[in-house]
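Bear in mind that the values in this text are calculations on the coordinates, not laboratory data. Just so we're clear, the structure is a prediction, and the values are computed from it rather than from any experiment. Neighbour counts run over all protein chains shown; Cβ positions are idealised from the backbone, glycine included.
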């Protein structure tokens, strides 16, 4: 095949990859605009445009620049982090029902954050404790699953389930012994809360960095999804790639839990749904997960802020209410 004909075949393939991503990017922009304009105090697009242009009332500037834009961008980043982590775990375990929370990463982060709250600490200390707890859980699961030999996907999954159950028991104990005045905040954090997400740039930067690092590995991930034996036969260095996938999913989950607490179903439903619509090409699925997960969580957070305004619901409740029926429907269709 000549170079010209190969290039001619590559151009339609690139277009087929870019079109869904362009549509999702447009939908993401619409979701962010809705999130900024809707709330207990509704704003118009004119108000948003005036504030962006450096004008607008002081109230509108405070609502948009200090509250809603940081919260909306944080929701987008956390949703993208969870969805990409879920997609990676499903490739690693070759199981469409795999999820980073199943492997105990969320439980470890929750124990770290609740320990900081129980000690009366706050702010960056809670975030750092959650991050440390997630990485402790990562080392624990991988170390126990490895044992004296090499780990297998089934052994890793079972170890993660057991470790997650152990973290759940520790969380229950911590809630039982915590002072009454700290209990509401701890419970709200466990259900997922974006109220205090004021710095969206670290999770957004991590999401972009991981997507850029994974882009050259799309073909290897496609082969990896078919099994380690086929991947090794086709020249893929399986063991380092498996470690890289698990480490990337751990970092993504730790950052998401650090930013917004425990939010379920995003990493489970979004990759599964995208595969039914777009196929199983990881070069498309992983960046699509970053966009679709962000869209889902931005819309869920908008609902959490507006359903019973001025009161707010935990965003984890909304994702569960949306995720359970969606997942059951997808499971029924795949059957």
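Going from the fewest other Cβ atoms within 10 Å to the most, the residues 101, 196, 246 appear in the order 196, 246, 101. Ellipsoid semi-axes for the range 36-146, based on the Cα gyration tensor and the rule √(5λ), read 38, 20, 9 Å when sorted largest first. Per-residue extension of 0.36 nm, minus the Cα-Cα distance of residue 139 and residue 49, leaves a gain of 27.7 nm for this segment.
For the chain, relative contact order (Cα pairs under 8 Å, six or more residues apart, normalised by length) works out to 31 percent. Multiplying the residue separation of residue 21 and residue 307 by 0.36 nm and subtracting their alpha-carbon distance yields 100.0 nm. One way to sum up the overall shape of the chain is the equivalent ellipsoid from its Cα gyration tensor, whose semi-axes run 33, 29, 16 Å, largest first. Between residue 173 and residue 40, the modelled labels are 3.8 nm apart [label points 7 Å from Cα along Cα→Cβ]. Available extension along the chain between residue 67 and residue 158 is 28.6 nm, counting 0.36 nm per residue and deducting the alpha carbon span. Shape of the range 77-219 from the C-alpha gyration tensor: oblate (a/c of 1.5 or more and a/b not above b/c, with a ≥ b ≥ c the square roots of its eigenvalues).
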